[in-house]
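Here is the structure we will look at, set down as structure tokens.
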Amino acid sequence: MGPPKGGYAPDLDKFLDTLKSRPVDASVDFLISLLKRRQIQGSESCAIATARVLLQVVAKDKWIDVDQLIGRIQLVGRKLVAAQPHELVIGNIVKRVLGLIRDEASEDRNDIANDSPPGGTTTLPPSIETVPVEKSIRPPSLAAFGSFARSQSMFTLLSDPDFIPSPSSTSQLGSGSSTPQRYPQSTNVQALKSEVIDGIEEIVDEIRQVDEQIQNYADIYIHPGDYIMVHQPSRTVQRFLTRAASKRKFTVLIVVDPSASHISDDPYASFRKALTSGGSTVVNIMNVGLMAYMSRVDKVILGARAITSTGGVVVDSGAAAIARAAREQGRTVIVLGGVYKVSPDSRSHQEAFVEWGSPSKYVNFADGRMVGQVKVRNVVAEFVSSELVNTYVTNLGAHSKDHLHGIIADHYNDEDVNFDLFGKTQR
Amino acid sequence: MAGITQERELPIRNNPDLESFDIVTAYRKLLADDPDLTMPVAAIEALIEALSQSSAKTVFETMDLIKTQSARLRAAVRNPVALTHGTDLFQQYLVLSLKQPGPDGKETSSHENFEVVRQHLMRNGRLFASRAKQAREHIAAVGRAYVRDGDTVLTHGGSRVVGTLLGRAAEPVPGDPSRRFQVIHVVSEGRSAEGDRAVAALRDRGVPVATVPESAAAYVLGKLHLVSMVLVGAEAVTANGGIISRMGTYQLALLARAHGKDFYVAAEQHKFGKTFPLHQFDLGFDQDMIDFRAGEAPEEGDPEDAKNPIGDPVDYTPPEFITAFFSDNGVLTPTAVAKQVIDLMY
């Protein structure tokens, strides 16, 4: 999760620099290879790279209508997800962008129906996420219950088969410009394009601001004198605690990766400095003996790689044991992660979230006997089931697991939630 | 209510002439004719028949007709939960149609809207039954991703949704290679017929099925790495995201929780409804399952004492035991189901 080290390999910034100069397909392929080689890793980097490359697709590709654009994004999205299927945020961003396009397109459609000049439309920024009150082009299909957008599907059983009322009995309703096509050929692709691009820019801004927004909630959760346990703190967690430490004194127990102990430089040196300068205490814990420390701990704070719709959390390996130990002794477990990490993807199987990585940290490749005869596996990410988590803090505030589906309903379009990005890529 | 009773004296026909139509026989006939029909949909179809038989024209007459006919249906069966969910859905659909904004944002009278909806419902009677069946296919498409290669699925009963889901999961789909999985079917002694049909159907498709008695469910779940998930159907889905399903579902849910297995429910959205049981014996009807006896067997000709246990008993599985629902609206958590019901039905 930490910032990428070493300057020789291409990383996120270098990738973003090259975007403008390359053709779209080359950028996509480049990103795929970067993802595969884990040269771009960590949810934030992956999310930003995905959003940026999709922006290029929208901006540079030639598309004449909305359906074509959606198809194109879906195709690129599938490829990106296939390149790094463990990083759920890639799929999240793809689905966010798809939802954005659908929203803009339907807004566009309504503008046409209302005969307002297409140039002078004031479109709402997608971050506000107001559900557009569809001025029902559709007759009583009950499709226009804005906030019920998701729920009304209960009535699909009874709804009118075609939204166009039959001319005989309901001619008075047929006056609207109801078009059989889902998204009519937009008269100004250009306007739509710029709206979508603005929307993607806002998603990128949102991702970049997550840490800042989450740390505003630090005061609420961290009290003076608390004992806080964190596990290999990500930047989000670090900033969260640093903000709290600027006002209060408390104790932070950092669980570090034991394999990193022989490395002389402390990866959390600046974090430690920030905390101690405010008078807080920092204790390093080597992964063992968690239960012994747990009796002193008040809260456990974990950074999420991704949050699933059922409340499960993908975390750095090692954090699941901490969550379990905390649950065993009744300690609070708080998960931090931006809204963009909340995934509509509801794959159930925990194994699907477990990511295996290079074991070179533990076994030197030069050790021929070990390499030849012993199979060493190193888990990079693992899954914490929702029962072990008390609260989720996102940039929108705190949520219980029961209301994560509300966030998903607000940020994703129904059609995209069920779109299987894994499709062909799963074995 | 006083106002309404007064109005009765006005020339509103109190009971729009239904002539010889009997909703209960219609309902029973629908269920008997089509074994694929679920109770809520049969209730809706029966209501539509009643609607087209009657000469009810106004909103009041129509709603009154639906209310009395629904009540008649409810009274005629012993376990009215599922069909009540159907009639409630139907009623709610009509009520909400009154609140609809008019076409193109124009304010039309709610009566016009109501009439349009009423006509649409009467015209499309048969459509709903076929849609309900399509919903099953949709659920199969949603749920098949959850059945993975090498899995073992534990199920029970003769749920048609579960049967469709497992059957489709065994079929290859373009872009998604076929998978091999096995099924453990928990068979209850008393009601083996429907289970047998489900088992035979799966075996025909080449899915290996093992049948075990209900008493062996815990034993089977205790085998390490064997059962990967429990999948059941439901007769009705309650307002809090629990299910009312055939007797034995609750204990499977408890066992699944005890063994740390995921417990999934496959159910169409038209089974969702306002029922809110607080416990097993709060379903709104008596199943007479508990019959204490001592000493000699009771005499034959003593019907007063004898308990009359219901033919197809059900139990209630609270939402906390359910991992997720496979519905025709995608995969929903119990809370999401509850929200959906609260949003629409209240």
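The values are calculated or read from the model by the stated rules, or taken from the named source; none is laboratory data. Bear in mind the structure is a predicted one, so any value in this text is a computation, not a measurement. Methodologically, a virtual Cβ is constructed for each residue, glycine included, from the backbone with ideal geometry; neighbour enumeration extends over all protein chains shown.
The single condition among (1) surrounded by 13 or more Cβ atoms within 10 Å (Cβ to Cβ); (2) over 27 Å from A:His399 (Cα atoms) that A:Gly279 does not meet is (1). Looking only at residues of segment B:132-157 that are more than 12 Å from chain A (Cβ to nearest Cβ) and over 25 Å from A:Thr156 (Cβ atoms), we find that the one that is farthest from the chain's Cα centre (by Cα) is B:Thr152. One residue stands out in segment B:119-128 among those that are in contact (Cβ under 8 Å) with a residue 12 or more places away in the chain and within 10 Å of another protein chain (Cβ to nearest Cβ): the one that is nearest to B:Val173 (Cα to Cα), namely B:Phe128.
Is it the case, given these coordinates, that A:Val283 is assigned by TED's automatic domain parsing to the domain that holds A:Asn390, in contact with a strand residue (DSSP E or B) (Cβ under 6 Å, 6 or more places away or on another chain), part of a strand (DSSP E or B) and more than 30 Å from A:Leu98 (Cα to Cα)? Walk me through how you get there before you give the answer.
Numbers: assigned by TED's automatic domain parsing to the domain that holds A:Asn390: yes; in contact with a strand residue (DSSP E or B) (Cβ under 6 Å, 6 or more places away or on another chain): yes; part of a strand (DSSP E or B): yes; more than 30 Å from A:Leu98 (Cα to Cα): yes.
Judged against the criteria, A:Val283 is a match.
Annotation note: of A:Ile254, A:Ile228, A:Ile285, the sole residue that is in contact with a Phe, Trp or Tyr (Cβ under 7 Å, 6 or more places away or on another chain) and touching a residue at least 60 places away in the same chain (Cβ under 8 Å) is A:Ile228. Taken over segment B:158-199, the criterion of being within 13 Å of chain A (Cβ to nearest Cβ) and in contact with a helix residue (DSSP H, G or I) (Cβ under 6 Å, 6 or more places away or on another chain) is satisfied by B:Gly175 alone. Among the residues of segment B:23-59, those identified as free of Cβ contacts under 8 Å to residues at least 40 places away in the same chain and crowded, with 17+ Cβ neighbours inside 10 Å are B:Ala26, B:Leu30, B:Leu31, B:Ala46, B:Ala50, B:Gln53, B:Ser54. Of the residues B:Ala198, B:Ala256, which single one is crowded, with 16+ Cβ neighbours inside 10 Å and more than 28 Å from B:Thr335 (Cα to Cα)? Testing whether each residue is crowded, with 16+ Cβ neighbours inside 10 Å and more than 28 Å from B:Thr335 (Cα to Cα) leaves just B:Ala198.
Candidates A:Val300, A:Val237: the one that is in a strand (DSSP E or B), in the same structural domain as A:Lys341 (by TED's automatic domain parsing) and within 19 Å of A:Val384 (Cβ to Cβ) is A:Val300. Taking segment A:28-42 as the range and being outside any loop (DSSP other than H, G, I, E, B) and in contact with a Phe, Trp or Tyr (Cβ under 8 Å, 6 or more places away or on another chain) as the test, the residues that pass are A:Phe30, A:Leu31, A:Leu34. When B:Ala253 is tested against the conditions (1) among the aliphatic types (A, V, I, L, M); (2) more than 19 Å from the chain's Cα centre (by Cα); (3) away from chain A (no Cβ under 14 Å), the lone failure is (2).
Is it true that some residue in segment B:152-171 is of a type in the set (S, T, N, Q), in a helix (DSSP H, G or I) and either buried (at least 20 other Cβ atoms within 10 Å of the Cβ) or not assigned by TED's automatic domain parsing to the domain that holds B:Val331 (or both)?
Step one: list which residues in segment B:152-171 are of a type in the set (S, T, N, Q), which gives B:152, B:155, B:159, B:164.
Add one more test, that the residue is in a helix (DSSP H, G or I), and what stays is B:164.
Cutting the leftovers down to either buried (at least 20 other Cβ atoms within 10 Å of the Cβ) or not assigned by TED's automatic domain parsing to the domain that holds B:Val331 (or both) gives us B:164.
Yes, that holds for at least one residue.
A search for C-beta distances below 6 Å between a residue of segment A:81-100 that is acidic (Asp, Glu) and any residue that is buried (at least 24 other Cβ atoms within 10 Å of the Cβ), counting only pairs 6+ apart in sequence or on different chains, returns A:Glu87/A:Cys46.
For segment A:247-261, does any single residue satisfy the condition of being on the phi < 0 side of the Ramachandran plot and within 19 Å of the chain's Cα centre (by Cα)? Scanning segment A:247-261 turns up no residue that is on the phi < 0 side of the Ramachandran plot and within 19 Å of the chain's Cα centre (by Cα).
Filter segment A:410-422 down to residues that are modelled with pLDDT of 85 or more and within 14 Å of another protein chain (Cβ to nearest Cβ) and give me whichever is farthest from A:Gln329 (Cα to Cα). Looking at residues that are modelled with pLDDT of 85 or more and within 14 Å of another protein chain (Cβ to nearest Cβ), I get A:Tyr412. For B:Ala239, all conditions in the list (1) farther than 19 Å from B:Val337 by Cβ; (2) of a type in the set (A, V, I, L, M, F, W, C); (3) within 25 Å of the chain's Cα centre (by Cα) hold save one; what is the number of the exception? The failed condition is (1). Go through the residues of segment A:369-387 one by one and say whether even a single one is over 26 Å from A:Leu253 (Cα atoms) and within 14 Å of chain B (Cβ to nearest Cβ). No: zero hits.
When A:Val53, A:Val57, A:Val76 are checked against the criterion of being crowded, with 19+ Cβ neighbours inside 10 Å, modelled with pLDDT of 90 or more, part of a helix (DSSP H, G or I) and over 19 Å from the mean Cα position of the chain (by Cα), A:Val57 stands alone in meeting it.
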